[in-house]
Structures are given as C-alpha cells and as structure tokens.
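**Student:** Can you read through this structure? Questions will come right after.
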Amino acid sequence: MPLPAPVNTFAANPLDRASAQRSDEAWVAEKLADPTSLGLALWNGKPLIEDAEGGKSVQIAYFPADMAKEMAGGEEQLLFMGLWKGTAVFAVDLDGIGDPAATSNLSGIGRFEELRAVAPQLPAADAGILATAKAMFEWRRRHRWCSACGQPSKVADGGWKRVCPACETEHFPRTDPVVIMLAVHGDKCLLGRQSGWPKGMHSALAGFLEPGETIEEACARELEEEAGLKATSVRYHSTQPWPYPSSLMIGLIAEVDSDQAAPDQTELESVRWFTREEAAALLKGEIKDAFAPPPMAIAHQLLKAWSEGF
C-alpha cells in the first residue's frame, strides 16, 4: 500500500540516503569532488537559510560541496546527506562564537537561524533535510568516545557510523522513541500542562518509551503515571522526527476508561477535558484562557485529527 503523505513537520526528507553506496569511501570522495554536488551548513545547530523568491518563505541556502569540505577541515564535521535526483548533498557542522555567515566565505550566501523558529516557513522537504542533519550532528557530537572502551572513535559511512580503532566496536545513530497520546473518553479529550510552559498552553501527554515496553504499554503507563487514567485501546496516528536532540514522536489516540483524571504534580500541574467542538475552537485560538501547540507540533495534528472525527 502507498505511504500516507506526511503531515508532520520534519517528516518529509526526500533524499535518497544511498546507504548501499556511502560505505564506499572512494564513492563518497568522488561525490564530494563533483562540481555539481551541493553543501549546506549548520552553525551551533542553526541552519543556513535564505529568503525564497517573493520573500514570504525561506529555504536552505545551498553552496558548492567543495566549500563544505574546506570549512569542515576533515571528516569529523562533514556528513553525506544523500542524493537528490542523483545530485549529492553534504552538510558541514560549524561551531564557535563568530557567525560564519558574516566572517567566512559563506558571507552573502545566507543567514543562520534557529530551526524551530523557521521550520513553519520552510518547504516540507527542506525542514526534513535540516532535521536529519541536526539530529545526526547532535548524535556525533555526543558520541565521540567509544562507549565500549572509552577511546576516541572515528566517523565512517559518510558520517552515518562511528568506529572505534581501538576495539573495533561500531556505533550507529540512536533515536529515542517518545509516545505522545491524546487521551479520549466519549466525546471528550484530555490535555495537560506543565508549570514551565507559557500561560494557557495545553498539550497532549507524552513520555519516553522504556526498554522492554511496547508502544501500547508505554502509552498506558504514561497515562496512568501522569493522569491516573487506564487505557483501554490505542490507535496509531503518525510519527514525527524531532531533532531535540534525536527523538521520534509516536502519535497515538488512546481510549481511557474514565474522565476522572488527576495530574501527578510532577510532570503535570493540571489537566483539562475538551469536547470536539472545544478542541476545534482551541486550535483556532478561540478559547480565552487556553491555547494549543502550533501546527508544527504533532500534538496539534493529533488534536486536529480527533476534532475532525479520526
């Protein structure tokens, strides 16, 4: 069956990751030297972007791949992203205090912005590509030392793997699964809020999947821990890559056996039930003392789907 069109921000990376070719160092080097190959940059986790034609949206600011190679100064800060209709795309990870868009050969090409801030203005494909690059660089930055023997590790497979020269252990990128669920009972859904959130913001409940759990079991556990509710059935909606730093949000609709919810006062300070009509009004910003997460959040999409009859 065909895959559904992605509805979640960061879930539309169109690149062919060329996993069968990227382990070939000569092939990667050939692509890096190809004058048609493209580069993109992140500086302290911020992508280099530019205004799209018309100035009402933004897009990735691409440049020749050989510039990415020069700025990287080696394999550690370089990542083969994949192929776009045969054209290779590489990413370079920049850090430091000085803005490279103002002080390097990137001057005049674009500007660095926080990904979360500009994601709603990006084409879906660009948001997916940048989320992949950000998550990969975060993983590589946090795993420079071998977890088996403690020695420095090196990048391999175009940057998609780390290998320890000392003990030969191979390390692969990790993704942390998170269940995020809209609890429903009859014609009402439950949203909660944490004390550190902006005043009035309500969202779906969520928590990390633990070892030895199924997705359904994690959903049920989190609902009971955070709101004292027992799940009776769980439906899958969609998933969302979330590069902060490297999570996969697993969106669910969970039927619960009661509307007697009680916040745990640890994760949640309060909970609130909304009817379908109230949920639709919440999404439109029509409820005076409450508001929902923005459309780029999977919690928004869960609430929207349920309010429309999912």
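The rows are residues; the columns are (1) closer than 26 Å to Thr9 by Cα; (2) open to solvent by less than 50 Å² (accessible area, probe 1.4 Å).
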{"residue": "Thr239", "(1), (2)": "yes, yes"}
{"residue": "Pro245", "(1), (2)": "yes, yes"}
{"residue": "Leu248", "(1), (2)": "yes, no"}
{"residue": "Ala254", "(1), (2)": "yes, yes"}
{"residue": "Pro263", "(1), (2)": "no, yes"}
{"residue": "Thr266", "(1), (2)": "no, no"}
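**Student:** Here is a follow-up. Take the residues in the stretch 94-137 that are among the polar types (S, T, N, Q) and assigned to a helix (DSSP H, G or I); name whichever of them is most open to solvent (accessible area, probe 1.4 Å).
**Tutor:** Thr103
**Student:** While we're here: Quick one: how many residues across the stretch 53-76 are free of Cβ contacts under 8 Å to residues at least 60 places away in the same chain and within 24 Å of Pro35 (Cα to Cα)?
**Tutor:** 14
**Student:** Here are the criteria: (1) part of a loop (DSSP other than H, G, I, E, B); (2) out of contact with any strand residue (DSSP E or B) (no Cβ under 8 Å at 6 or more places or on another chain); (3) open to solvent by 30 Å² or more (accessible area, probe 1.4 Å). Tell me which single one Phe310 does not satisfy.
**Tutor:** The single condition Phe310 does not satisfy is (2).
**Student:** Residues in the stretch 158-180 that are outside any strand (DSSP E or B) and open to solvent by 40 Å² or more (accessible area, probe 1.4 Å): how many?
**Tutor:** Selection size over the stretch 158-180: 9.
**Student:** So, Leu32, is that one touching a strand residue (DSSP E or B) at 6+ places or on another chain (Cβ under 6 Å) and either surrounded by fewer than 20 Cβ atoms within 10 Å (Cβ to Cβ) or over 19 Å from Gly159 (Cα atoms) (or both) or not?
**Tutor:** Answer is no for this residue.
**Student:** Scan the stretch 181-199 for residues that are open to solvent by 10 Å² or more (accessible area, probe 1.4 Å) and either assigned to a strand (DSSP E or B) or of a type outside the set (D, E, K, R) (or both) and jot them down.
**Tutor:** His185, Gly186, Lys188, Arg193, Gln194, Ser195, Gly196, Trp197, Pro198 - these are the residues of the stretch 181-199 that are open to solvent by 10 Å² or more (accessible area, probe 1.4 Å) and either assigned to a strand (DSSP E or B) or of a type outside the set (D, E, K, R) (or both).
**Student:** Within the stretch 148-157, can you find the residues that are among the small types (Gly, Ala, Ser) and either farther than 16 Å from Gly74 by Cα or open to solvent by less than 20 Å² (accessible area, probe 1.4 Å) (or both)?
**Tutor:** The answer is Ala148, Gly150, Ser153.
**Student:** How about the stretch 277-289: which of its residues are more than 26 Å from the chain's Cα centre (by Cα) and part of a loop (DSSP other than H, G, I, E, B)?
**Tutor:** Selection gives Glu286, Ile287, Lys288, Asp289.
**Student:** Is it true that some residue in the stretch 241-255 is farther than 13 Å from Ala204 by Cα and more than 27 Å from the chain's Cα centre (by Cα)?
**Tutor:** no
**Student:** Do we find a residue being open to solvent by 80 Å² or more (accessible area, probe 1.4 Å), farther than 30 Å from Pro295 by Cα, modelled with pLDDT under 95 and not aromatic (Phe, Trp, Tyr) anywhere in the stretch 4-11?
**Tutor:** no
**Student:** Please go through the stretch 36-49 and give me each residue that is open to solvent by 20 Å² or more (accessible area, probe 1.4 Å) and within 21 Å of the chain's Cα centre (by Cα), ordered by number.
**Tutor:** Once the filter is applied, which keeps residues that are open to solvent by 20 Å² or more (accessible area, probe 1.4 Å) and within 21 Å of the chain's Cα centre (by Cα), the stretch 36-49 yields Trp43, Asn44, Lys46.
**Student:** Of all residues being part of a loop (DSSP other than H, G, I, E, B) and surrounded by 14 or more Cβ atoms within 10 Å (Cβ to Cβ) in the stretch 138-147, which is farthest from the chain's Cα centre (by Cα)? Just the residue, please.
**Tutor:** Cys146
**Student:** Which of the residues belonging to the stretch 65-83 are open to solvent by 60 Å² or more (accessible area, probe 1.4 Å) and either under 25 Å from the mean Cα position of the chain (by Cα) or not small (Gly, Ala, Ser) (or both)?
**Tutor:** Residues satisfying the conditions are Asp66, Lys69, Glu70, Glu75, Glu76.
**Student:** Which residue out of Gly200, Gly150, Gly128, Gly207 is over 21 Å from the mean Cα position of the chain (by Cα), within 25 Å of Leu303 (Cα to Cα) and not β-branched (Val, Ile, Thr)?
**Tutor:** Within the list Gly200, Gly150, Gly128, Gly207, the selection yields Gly200.
**Student:** Would you confirm whether or not the stretch 21-38 contains a residue that is closer than 22 Å to Leu115 by Cα and in contact (Cβ under 8 Å) with a residue 12 or more places away in the chain?
**Tutor:** Yes, some residue in the stretch 21-38 is closer than 22 Å to Leu115 by Cα and in contact (Cβ under 8 Å) with a residue 12 or more places away in the chain.
The values are calculated or read from the model by the stated rules, or taken from the named source; none is laboratory data. As the structure is a computational prediction, the values presented were derived from the model and not from experiment. No Cβ is skipped: glycine too gets one built from the backbone with ideal geometry, and neighbour counts run over all protein chains shown. Note: areas computed on protein heavy atoms with side chains; ligands, DNA, RNA excluded. Shrake-Rupley method; radii C 1.70, N 1.55, O 1.52, S 1.80 Å.
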